[in-house]
């Protein structure tokens, strides 16, 4: 597996199916005042973001193309791009 | 009590959108009881079912993704399941509700519950949907894998419910008597354990799903339009606009009916009763007062009906999605949009709806700004003053001046709600920003019976208020405005000499700078209990203080004759912030569990109201 196959869910193009490789719980940029990594990882897991799951961005928000609506198994989850960057995917 | 009459306690647990509440409604039907958990405003929904010689008390717990208890709603589910909820016995058996079309994800919660160890059975819900998709599930195998009874159900139809009831009658006794969890304190699963549960759920799902079937694309196609970057917001605005239009136009006829009904009753009673205190109390106190509040029942019912329809269809989550960026700008997230929208009907259910917001600071911020959304109780005041003081001229494209002013008042409330939220999030409720992470459920046709049940629950609350608090206040107010009676040979109107008149005049100097007269002060005091009472109170004050003609003449004409334009506009501005609503303050106190926050809310609202009224009064004075 080449490293450049990997990208984050937050940077995925609309309609491009991908598979979750890793949940890192850490956003790409480190703004202060966000919830901590462990908590984010937990919440993503609770919503069903898990290694091996298929994901696809279905829709983007009207302002700044944020948040995104992600198909995850049979569900659709709304998530902001910032948190989606904690999900590493393989196209 | 004989042994056969022992009632088993069955708790319904499931993820949000698992169809758990529909299943509960189908199980218990009209026999359900809606009460509050002690100390909190979350509705405790329970119902008793009898089958054969078995009695089961079914308790519907708030939807929960895990047992971790991140939001106040989820905490109730956790504490109840663990048997740690004060004043509630632990459940004997848990009925875990999972969405059959989403088995992989929903089984994880079932496994988490199973690991805790309370006896349970599984309702494989939405089987009709699964079958329509061509999905096949080996129910027998699932039951073996989980080592618990599994019943396929379709909550929206009776089929499957009977099977579930039958299953309960057969199994609940042995289940309830099987091993209950040990007394060791429960620990939430670690991240590693959580991943393991997930993997296990995936493995079981893989083993029992015979055929995957084709997922429906209807929701996706609808979302292509409703979440479209350009069309989406336009449609949302149109939906909100139509909603408020409907509230006004559809309610007009029933409102007129109620109005003429009250007038008719007043005439009949007026003719048949001898003049005296009793006649005055009945006509001017009770009928005029309670009637002027009851008249808003149609508007409130329609608003709640529409909000519940939007919620039941799945559109509300889309609205939250579309609004997220705007809410993020003030430090909240899209979820806060739903309670704020409910606050247009009434801040109390709005404040209760904040329980779905998991972050305590975001939740507090939303609670604190909820009263700035113009609630339906302020409509009577707006309607009255606008009818009296704003000319009914058409400005452009059929849009009237009166409608425009009404819209401006609503908009001012919204703008200030956002501004105040932004200020609070940077000061008082400052903290880390919260992720959105919200499921967008599939669209569905809302279930009529469920929506109507929801409207009826809220209408009952409103009617109860009209019959108790508001009725009581009207009687007190009538007494305050009638006694002591004016001395013989008094030159001014009766209310001037009454206790109410004295109180109003005592407070008047404080409010003179914003143009309020003592009559307004009399109306504002009872308005503390319920904002809409202010109109009734004005009616009482002016009916009592004026001649017989004044009673006949409509209130808006009376006001036009006795108030200046700056005073009227100042009162409108005051009502945008209208801090005086005891119900809202009590709900805030219950939800925040302290008197500090309602006190803070009252203070900031009254400061804003006073400032807005002062500016409006001074500017209008200078311009006219």
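Just so you know, all these numbers are worked out from the coordinates, no wet-lab data involved. All figures in this text were calculated on a predicted structure; none of them were measured in a lab. Every residue, glycine as well, gets a Cβ built from its backbone with ideal geometry; the counts of neighbours run over all protein chains shown.
Structure notes:
- Using only alpha carbons, the stretch B:3-211 has a radius of gyration to Kirkwood radius ratio (Rg to Rh) of 0.94.
- Scoring B:509-517, B:459-467 by mean Cβ neighbours within 10 Å over their residues and listing the highest first yields B:509-517, B:459-467.
- Ellipsoid fit via the Cα gyration tensor, the stretch B:62-117: semi-axes of 20, 13, 9 Å, each the root of five times an eigenvalue, largest first.
- Share of pairwise Cα separations in the protein assembly as shown, more than 47 Å, in percent: 27 percent
- √(5λ) per eigenvalue of the Cα gyration tensor, the stretch B:427-500, largest first, Å: 51, 24, 9
- Diffusion constant of the stretch B:147-289 at 10 °C, which comes from Stokes-Einstein with the Kirkwood Cα-pair radius and 1.306 mPa s, µm²/s: 66 µm²/s
- Acute angle (nearest 10 degrees) that the helix B:582-592 long axis makes with the longest principal axis of chain B, alpha-carbon atoms: 30 degrees
- Ascending count of other beta-carbon atoms within 10 Å, so fewest first, for B:443, B:575: B:443, B:575
- As a proxy for reagent exposure, ranking B:415, A:87 by other Cβ atoms within 10 Å from fewest up yields B:415, A:87.
- Computed over Cα pairs, the Kirkwood radius of the stretch B:185-252 leads via Stokes-Einstein (1.567 mPa s, 4 °C) to a diffusion coefficient of 76 µm² per second.
- Surface/4 of the Cα convex hull for the stretch B:261-361, nm²: 9.2 nm²
- For the segment A:55-61, counting C-beta atoms of other chains within 10 Å of every residue's C-beta and taking the mean gives 5.
- Computed on the stretch A:3-90, with alpha-carbon pairs under 8 angstrom and 6+ residues apart, the relative contact order is 46 percent.
- The distance between label points at residue B:394 and residue B:407 comes to 1.5 nm (points 7 Å beyond Cα on the Cα→Cβ vector).
- For the stretch A:3-90, the pair-distance distribution built from all alpha carbon pairs, in bins 5 Å wide starting at 0, is 3, 15, 28, 28, 18, 7, 1 percent.
- DSSP beta bridge pairing in the protein assembly as shown, given as percent antiparallel to the nearest 5: 65 percent
- Inter-label distance, residue B:447 to residue B:212: 3.0 nm, where each label sits 7 Å from its Cα along the C-beta direction.
- Bridge orientation summary for chain B: considering DSSP beta bridges with both residues in this region, about 45 percent are antiparallel.
- Using the Cβ-Cβ distance between residue A:38 and residue A:11 with R0 set to 22 Å, the FRET efficiency works out to roughly 0.45.
- Rounded to the nearest 10 degrees, the angle from helix B:103-116 to the longest Cα principal axis of chain B is 80 degrees.
- Neighbouring partner chain Cβ atoms per residue of B:71-84, average, 10 Å criterion: 0
- Considering only the stretch B:3-211, percent of DSSP beta bridges that pair antiparallel, nearest 5: 40 percent
- Going by neighbour counts of Cβ atoms within 10 Å, the residues B:66, B:449 line up, fewest first, as B:449, B:66.
- When you restrict to C-alpha pairs under 8 Å that are six or more residues apart and normalise by the size of the stretch B:412-532, the relative contact order lands at 15 percent.
- Here the relative contact order of chain B, from alpha carbon pairs under 8 Å that lie six or more residues apart, stands at 11 percent.
- Cα-projected label distance for residue B:502 with residue B:475, points at 7 Å along beta-carbon direction, nm: 2.3 nm
- Each peptide in A:64-76, B:338-350, B:172-184 receives the mean, over its residues, of other Cβ atoms within 10 Å, and ordering these scores from highest gives B:338-350, A:64-76, B:172-184.
- One way to sum up the overall shape of chain B is the equivalent ellipsoid from its Cα gyration tensor, whose semi-axes run 52, 27, 23 Å, largest first.
- With Cα atoms, 0 to 90° folded angle of helix B:315-329 axis to chain B main axis: 70 degrees
- Test item: B:317-324 mean partner chain Cβ contacts at 10 Å: 4
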